[in-house]
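Please treat every number below as a calculation from the coordinates, not as lab data. Quick caveat, the model's predicted, so the values are computed rather than measured. Here Cβ is always computed from backbone atoms with ideal geometry, including for glycine, and neighbour counts include all displayed protein chains.
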Amino acid sequence: MQLERIGDFVWELPRSGGMKVPGRVYLAPSQLEQVADGKALEQVRNVAYLPGIVGASLAMPDIHWGYGFPIGGVAAVDATDGAISPGGVGYDINCGCRLIATSLAAEDIRPRLRGAVERLYETVPTGVGASRAIEPLAPKELRRVLSEGAAWAIRRGFCAGDDDLLHCEEGGRLAGAEPEAVTPRAVERGSDQLGTLGSGNHFLELQRVDEIYDAAAAAAFGLEAGALAVMIHSGSRGLGHETCDATLRSLARDYVRYGADYAALPDRQLACAPISSEVGRRYLGAMQAAANYAWANRQVMTGLAVSALSTALGVGRSELRARLVYDVCHNIAKFEEHVVDGAPRRVLVHRKGATRAFAAGDPRVPAAYRGVGQPVLIPGDMGRYSFVLAGNALAMQATFGSSCHGAGRLLSRKAALERAGKRRIDRELRERGIEVMSRGLRTLAEEMSEAYKDVRDVVDVIEGAGLSRKVARLVPLGVIKG
Amino acid sequence: MGHRYAYPAPYEELDHTADLGVVVRGDSVEAVAARLVLAFSHLLSGGAPVAEVERRTIIAAAGDSAAMVVDVLSELLYLFERERLLPSSVEIVQFEAKTGARLEVGFGRYDAALHAEGVVLKAVTLHEARVERDNGGFRGQIVFDV
């Protein structure tokens, strides 16, 4: 598949066959080998077939082979005539990331670091069967979660500071959610998983703010060099998975009935429906409800983590001064207004392993951050670093206000296990001063640093392309994983 | 049909960057379907033993072979998540595109200590899902979202 260079960090896949728009991939020349096998690029090409797609089928520099959409994929479709693709959101609806700042100096907690990680591991359920962080919810109460999102959890005391909702994408709730559109089976799966981390690449990490690149933005975000922070990466758990699964399996059998454009889709995992159709509307309502569940999930874990830290470190909440810096989604589809071909247009933006990155001055950015741009949280891997960026104006023009979401995998899980062999990744990390606890050794091997691209390379492309700019780098101190 | 396949069964892991895929082979479509179920169980159990304690009937609606396998595995994933059941044996009673699939599946119970190295599977995907003829036999492939 031939890419044509159209910028320092931008490559175009020209329209061909049934592509309605070109593909556009953000990569450094040195990263091209990572897509050389063509699988991820094929998915960029396939997404360009989506009915109603506008602009381009985009991919961020953490691009890798997903299913249907590439991970790192962004696609906007016309809000009226376009298609909604559950595969363009993913199974883990509103998988996302949040960052909690504290007033503690990271190195001051070193003597109690192991105890803090152990306490977090005891408090936040992880891994297979992770459940019962809080009492299981009856269906009626769970539907309130699906409607209210993060606010449900805050009302029950799960919070960092007093203004968590102000620092959460969409205020932690999508208003169009339809709890009744979520299947009983999905409700059942979600009933006892609120406040649980999951597994795989999900994590709860204690971090140190290691380097500041943009002093003004860091000050606005409340990030100080040397401070202790907490990053949480998780999503909608079984409820979201079931919601996506139920829709996809039903759509996969009959999406072709929506017309020639749908029948022409090259991959059935891209199965989609018109936004205006009964199926499309129902999925949208259910997806938004599942997104609210994910926000509630991360909010409950926030409350649990802050309490666990306070206890483990022997500091009161008033001394800890935890506050939510921001919460971003990276598997979502949202109605947004963007400029397309020179005119404002309402579109449905699918972000599949990509993060919203709105610029300074945008009214959708929290007031406290509007002068510098929206925080963009980019987790790396548990052995190196993560980054906080700020959204730039160019992203609004070029990528529907989108940026990357993480490092992106370099190795398959199989290859990572082979490379790890009998190595004890937990011991290797401990020798470097990073405490880690997980349910199994396999997860640690699959998630080791070598399995991931260096997130710094990903972020450098994003910054070089002008989509977002570096604000701070954070390094891991302690990690819990499933 | 009528043959009961027991855990563990041979499979290969696919090289998929983001997720986890398995490939199995067999001399029939039914053998492939059964081995995909047992491969699924092997992933969830981390390869540790699974002692059978009960049997249940699992049904999938009519469709192509890959779609039926995906439906079966999705149902099994639900049973694992809600009841901590791990497949220990499989008998394919019926596996027909026009009439659907019916499997008699033996189950063991998940043990957090014994099965600690099991993988958390979020979903069974249709991506690259295949049951097809291959070199005189059959080959099946499923990718799981992790």
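The table that follows gives values for the structure above.
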read-out: Cα-Cα pairs of the protein assembly as shown separated by more than 39 Å (percent); value: 24 percent
read-out: Over the range A:401-479, volume per residue of the alpha carbon convex hull, in Å³; value: 109 Å³
read-out: Number of partner chain Cβ atoms within 10 Å, mean per residue of A:64-70; value: 5
read-out: Dipole moment magnitude, nearest 20 debye, chain B about Cα centre, only Lys, Arg, Asp, Glu C-beta charged; value: 300 debye
read-out: Estimated 222 nm signal from helices in chain B, with DSSP H stretches of n ≥ 4 weighted -39500 (n - 2.57), rounded to 500; value: -8500 deg cm²/dmol
read-out: Per-pair calculated FRET efficiency, R0 = 25 Å: A:Arg132 and A:Arg155 via Cβ, rounded to 0.05; value: 0.80
read-out: Antiparallel bridge percentage (DSSP; both residues within the protein assembly as shown; nearest 5); value: 90 percent
read-out: Extended-chain gain in nm, criterion 0.36 nm per residue less alpha-carbon gap, B:Ser28 and B:Ala97; value: 23.4 nm
read-out: Dipole moment magnitude, nearest 20 debye, the range A:4-481 about Cα centre, only Lys, Arg, Asp, Glu C-beta charged; value: 840 debye
read-out: Relative exposure of B:His3, A:His167, judged by other C-beta atoms within 10 Å (fewest first); value: B:His3, A:His167
read-out: Proportion of all alpha-carbon pairs of the range A:209-263 beyond 19 Å (%); value: 61 percent
read-out: A:Arg185 versus B:Ala62: modelled label distance in nm, points set 7 Å from Cα along the beta carbon direction; value: 2.0 nm
read-out: Within the range A:364-422: Cβ-based charge dipole about Cα centre, in debye rounded to nearest 20 (Lys, Arg +1; Asp, Glu -1); value: 220 debye
read-out: Ranking of B:Ile59, A:Ile212 by count of other Cβ atoms within 10 Å, fewest first; value: B:Ile59, A:Ile212
read-out: Helix axis angle, A:455-464 relative to chain A longest principal axis, alpha carbon, degrees; value: 60 degrees
read-out: Efficiency of FRET between B:Glu83 and A:Ser250 - r from beta-carbon atoms, R0 35 angstrom, step 0.05; value: 0.90
read-out: For the range A:40-66 and the range A:361-403, distance of Cα centres in Å; value: 21 Å
read-out: Label point distance in nm, A:Glu107-A:Glu319, each placed 7 Å from Cα along Cα→Cβ; value: 2.0 nm
read-out: Sorted by Cβ neighbour density within 10 Å, fewest at the top, the residues A:Ser386, A:Ser438; value: A:Ser438, A:Ser386
read-out: Reciprocal of mean inverse Cα separation for the range A:1-115 (Kirkwood radius, Å); value: 16.1 Å
read-out: Spherically averaged projected area in nm², based on the convex hull that wraps the Cα atoms of chain B; value: 7.8 nm²
read-out: The range A:164-279 - Rg (one decimal) and Dmax (whole number), Cα, Å; value: 20.2, 57
read-out: Estimated distance in nm for a label pair at A:Arg384 and A:Lys39, the labels positioned 7 Å out from Cα along Cα-to-Cβ; value: 2.1 nm
read-out: Lys/Arg +1, Asp/Glu -1 at C-beta; the protein assembly as shown dipole; positive extreme among B:Val146, A:Ala175, B:Gly2; value: A:Ala175
read-out: For the range A:72-211, diffusion coefficient by Stokes-Einstein and Kirkwood Rh (Cα), 10 °C, 1.306 mPa s, µm²/s; value: 89 µm²/s
